[in-house]
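Participant: I have a structure here, written as structure tokens, and I will follow up with some questions on it.
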Amino acid sequence: MVSKENPHALDVSDLMEERFARFVREAYEREIISMSRAGEMLNLSIMEMRALVRTWREL
């Protein structure tokens, strides 16, 4: 992934990955998928997923 300091260097795959993560978050928050399924989709362990969900709540 490219640093945020140089937005002109973004790759299409970076944008697709970010968009996919947004869709997973939305599905989790709407209770369409479970936390464990969201973690599988994002390739995160359940502990990493719990930490990520905490950051979502803080925003």
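The values are calculated or read from the model by the stated rules, or taken from the named source; none is laboratory data. These numbers were taken from a predicted model, which means no experiment stands behind them. Note that each Cβ is placed from the backbone with ideal geometry, even for glycine, and that neighbours are counted across all protein chains shown.
Participant: Mind checking which pairs have a first residue in the range 15-28 that is touching a residue at least 12 places away in the same chain (Cβ under 8 Å) and closer than 15 Å to Asn43 by Cα and a second that is of a type outside the set (Phe, Trp, Tyr) and surrounded by 14 or more Cβ atoms within 10 Å (Cβ to Cβ), Cβ under 6 Å, 6 or more apart or different chains?
Facilitator: Once the first residue is touching a residue at least 12 places away in the same chain (Cβ under 8 Å) and closer than 15 Å to Asn43 by Cα and sits in the range 15-28, its partners that are of a type outside the set (Phe, Trp, Tyr) and surrounded by 14 or more Cβ atoms within 10 Å (Cβ to Cβ) give Val24/Ala38; Val24/Met41; Val24/Leu42; Tyr28/Ala38.
Participant: Right, here's the next one. Select from the range 1-41 the residues that are surrounded by 10 or more Cβ atoms within 10 Å (Cβ to Cβ), among the acidic types (Asp, Glu) and at pLDDT 95 or above and list them in ascending order.
Facilitator: Glu26, Glu29, Glu40 - these are the residues of the range 1-41 that are surrounded by 10 or more Cβ atoms within 10 Å (Cβ to Cβ), among the acidic types (Asp, Glu) and at pLDDT 95 or above.
Participant: Give the residue that is modelled with the lowest pLDDT, with candidates limited to residues of the range 42-59 that are in a helix (DSSP H, G or I) and within 16 Å of Phe20 (Cα to Cα).
Facilitator: Out of the qualifying residues, it is Trp56.
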